[in-house]
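Comments concern the structure below.
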Amino acid sequence: MNYLAHLHLGGQRPGQLLGSLYGDFVKGRLQGQFAPEVEAAIQLHRRIDVFTDRHPLVDIALGRFTETRRRYAGIVLDVFFDHCLARDWKLYAEQPLEVFTADVYRVLTHERQLPDRLAKIAPHMVANDWLGSYQQFEVLEQVLRGISRRLSRPEELAGAMQELRRLYEPLSEDFALFYPQLQDFAQSPQTSQI
């Protein structure tokens, strides 16, 4: 899952929103360097990643990609699943997407101690409405281009958009089956004990 899904699943209080994002930027053991609510959200983020990586429906979705794209198929799928969530937001959330993203951006703007890499991208995320823009499929090309700049073998993401166009319907169906299960997992009391 990418930023939008983690934010959606992690809780709506400011500390939960921050921790849901921090999960991609904070590595290693958590030893009280953040508020308990933030650390709990980071832990949930990590459990969501493990659940997603081990889920049979995600394996099926990943298996749809060509062999040349297999190494980075998980990244492409995370981004595509955020598109599906933004596109079908009304099916999964009561609050309109615009209101949700405005809340996230407000929390990010007011937090003065963001992790380094997040501190660098947060202003761009807010100014360019990264989260809301996922509704538009064509935006994924920009997102994947940005990701490829951080990869050791960026050429393996070349052609990912063409592949996503070809796989749009089956991957959308995979998301529709998977995301409700992920929501149940994230909300279950047992998740906090894993």
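Coordinate-derived values only; no laboratory data. Note that the coordinates shown come from a computational prediction; the quantities given were computed from them, not determined experimentally. Cβ sites come from the backbone with ideal geometry, for glycine too, and all protein chains shown count toward neighbours.
Have a look at L157, L131, L177 and tell me which one the Gaussian network model of the chain (Cα, springs below 10 Å) gives the largest fluctuation.
Residue with maximal mean-square fluctuation among L157, L131, L177: L177.
If you fit an axis through the alpha-carbon atoms of helix 73-87 and take the longest principal axis of the Cα set of the chain, what angle between them do you get, 0 to 90°, nearest 10?
70
How large is the helix-only mean residue ellipticity at 222 nm for the chain, computed as the sum of -39500 (n - 2.57) over DSSP H runs with n ≥ 4, divided by its residue count, in deg cm²/dmol to the nearest 500? Don't skip to the end; give the middle numbers.
Working: 11 runs with 130 residues, N = 194.
Mean residue ellipticity at 222 nm (helix-derived): -20500 deg cm²/dmol.
Whole number please: convex hull volume per residue, Cα atoms of region 1-98, in Å³. Display every interim value, and only then the final one.
Values: hull volume 10.6 nm³, N = 98.
Per-residue hull volume (Cα only) is 108 Å³.
Computed from the coordinates I sent, Rg/Rh (Cα atoms, Kirkwood Rh) equals one of (i) 0.94; (ii) 1.08; (iii) 0.99. Tell me the label.
Recomputing Rg/Rh (Cα atoms, Kirkwood Rh) here picks out (i).
For region 1-95, which trypsin sites (Lys or Arg not before Pro) are both in a DSSP coil and crowded by at most 13 other Cβ atoms within 10 Å? Can you show the working numbers first?
Values: sites: K27, R29, R46, R47, R54, R64, R69, R70, R71, R87, K90; in loops: K27, R29, R64.
When the trypsin sites (Lys or Arg not before Pro) of region 1-95 are filtered for loop state and at most 13 Cβ neighbours within 10 Å, K27, R29 remain.
With a cut-off of 8 Å between alpha carbons and a minimum separation of six or more residues, what is the relative contact order of the chain in percent? Don't jump to the answer; show the numbers that get you there.
Numbers: 178 pairs, mean separation 54.8, N = 194.
About 28 percent, as a whole number.
Quick check: residue separation of E155 and Q12 times 0.36 nm, minus the Cα distance between them. What number comes out in nm? Write down the numbers at each step before the final one.
On the way: separation 143, 0.36 × 143 = 51.48 nm, distance 3.73 nm.
Contour length minus the Cα-Cα distance gives 47.8 nm.
Using only Cα atoms, find the angle between the long axis of helix 36-54 and the longest principal axis of the chain, and express it within 0 to 90 degrees, rounded to the nearest 10.
20
Where in the chain is the longest stretch that carries no GluC sites (Glu not before Pro) classed as loop by DSSP and with at most 15 other Cβ atoms within 10 Å? Write down the numbers at each step before the final one.
Working: sites that count: E94, E138.
The answer is 1-93.
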